[in-house]
């Protein structure tokens with residue numbers, strides 16, 4: 001997976017810089033999953049054989065990364081990407097023994113309570129994790145003392161009733177950055193309060209990626225130069241306009257408590273269920 005010239009090489013992400021940029025760009029589904037995985041790995045511990053849930057993994061780049069870099073046993077869970085294709089990527093990356101692709105919806109995870117030592121989600125959690133009960137649901141699958149970690153696109157400050165014009169005006173390529181789904185972008189303070197309110201986790205830490213907007217912009221420019229933007233038109237122009245005023249990346253980590261989580265509402269079943277003590 002190595003190449004001499006790497007347009008995605010960055011001193012901030014030395015592990016990610018070892019990967020074939022064509023492989024990364026051919027399988028991208030948004031901001032660089034490897035950069036986000038490496039950033040998260042600076043705050044969480046991943047070890048050989050550790051069972052890790054990679055929720056909303058897309059094309060499993062982050063799952064491959066965690067398997068290759070740390071030897072973790074990663075369950076690559078996604079609703080929209082084919083497990084067959086993610087398995088092929090794992091085989092080609094020579095981590096077939098460490099990556100297990102699973103097709104599942106975030107509210108209906110087919111795992112036992114306490115099965116994982118760590119649960120993570122990269123550039124996906126904002127689409128389902130803003131529900132006040134979701135962290136409690138996800139935490140039930142992590143053993144007491146285990147870790148949870150998330151890295152998502154987020155807001156550097158609150159947006160008023162209307163998004164700023166520089167995010168809603170069309171770029172030269174016709175793409176408008178701010179779409180309806182961007183309403184799921186939240187501030188670090190929002191995530192901190194949401195996670196701190198759950199008895200299922202403790203030691204909550206929330207921070208932002210320095211120059212996150214620049215990294216995302218650079219990734220978009222690399223895609224443009226390589227002609228690999230499809231099916232997502234570049235957002236580089238909008239990110240240049242914003243320069244981190246509103247848009248960036250937020251990281252959340254926490255440790256699972258021993259709270260049993262009884263009477264937890266399971267949105268998949270529509271009933272209250274108990275969690276094994």
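The values are calculated or read from the model by the stated rules, or taken from the named source; none is laboratory data. Predicted model only: the values in this text are computed from it and were never measured. For neighbour counting, all protein chains shown are included, and Cβ atoms are generated from backbone atoms with ideal geometry for every residue, glycine included.
Looking at segment 114-134, which of its residues are surrounded by fewer than 21 Cβ atoms within 10 Å (Cβ to Cβ) and over 22 Å from residue 45 (Cβ atoms)?
127, 128, 130, 131, 132, 133, 134
Does residue 111 fit the bill of being surrounded by fewer than 21 Cβ atoms within 10 Å (Cβ to Cβ) and either within 17 Å of residue 253 (Cα to Cα) or in contact with a strand residue (DSSP E or B) (Cβ under 7 Å, 6 or more places away or on another chain) (or both)?
Considered against the rule, which asks whether it is surrounded by fewer than 21 Cβ atoms within 10 Å (Cβ to Cβ) and either within 17 Å of residue 253 (Cα to Cα) or in contact with a strand residue (DSSP E or B) (Cβ under 7 Å, 6 or more places away or on another chain) (or both), residue 111 comes out as no.
Of everything in segment 206-235 that's in contact (Cβ under 8 Å) with a residue 24 or more places away in the chain, more than 17 Å from residue 13 (Cβ to Cβ) and out of contact with any strand residue (DSSP E or B) (no Cβ under 7 Å at 6 or more places or on another chain), which residue is surrounded by the most Cβ atoms within 10 Å (Cβ to Cβ)?
235
Taking the criterion of being farther than 23 Å from residue 128 by Cα and either exposed (fewer than 12 other Cβ atoms within 10 Å of the Cβ) or touching a residue at least 24 places away in the same chain (Cβ under 8 Å) (or both), would at least one residue in segment 148-157 satisfy it?
Looking through segment 148-157, none of the residues is farther than 23 Å from residue 128 by Cα and either exposed (fewer than 12 other Cβ atoms within 10 Å of the Cβ) or touching a residue at least 24 places away in the same chain (Cβ under 8 Å) (or both).
Can you name every one of the helices (runs of 4 or more DSSP H) wholly within segment 163-230 that holds 3 or more residues which are closer than 30 Å to residue 259 by Cβ and within 20 Å of the chain's Cα centre (by Cα)?
188-196
Do we have any residue at all in segment 42-55 that's in contact with a helix residue (DSSP H, G or I) (Cβ under 7 Å, 6 or more places away or on another chain) and under 27 Å from residue 227 (Cα atoms)?
Checked against the condition, which is being in contact with a helix residue (DSSP H, G or I) (Cβ under 7 Å, 6 or more places away or on another chain) and under 27 Å from residue 227 (Cα atoms), segment 42-55 yields no hits at all.
With respect to the numbered conditions (1) free of Cβ contacts under 8 Å to residues at least 60 places away in the same chain; (2) surrounded by 15 or more Cβ atoms within 10 Å (Cβ to Cβ), which one is the sole condition not fulfilled by residue 194?
Among (1) free of Cβ contacts under 8 Å to residues at least 60 places away in the same chain; (2) surrounded by 15 or more Cβ atoms within 10 Å (Cβ to Cβ), residue 194 violates only (1).
Kindly provide the set of residues from segment 73-98 that are closer than 12 Å to residue 54 by Cβ and either free of Cβ contacts under 8 Å to residues at least 12 places away in the same chain or under 17 Å from the mean Cα position of the chain (by Cα) (or both), ordered by number.
74, 75, 76, 77, 78, 81, 86
Which condition number in (1) under 30 Å from residue 235 (Cα atoms); (2) surrounded by 18 or more Cβ atoms within 10 Å (Cβ to Cβ); (3) at pLDDT below 95 is the one that residue 137 fails?
(1)
Are there any strands (runs of 3 or more DSSP E) wholly within segment 83-159 with 2 or more residues that are within 25 Å of residue 183 (Cβ to Cβ), and if so which?
Per the criteria, 116-122, 142-155.
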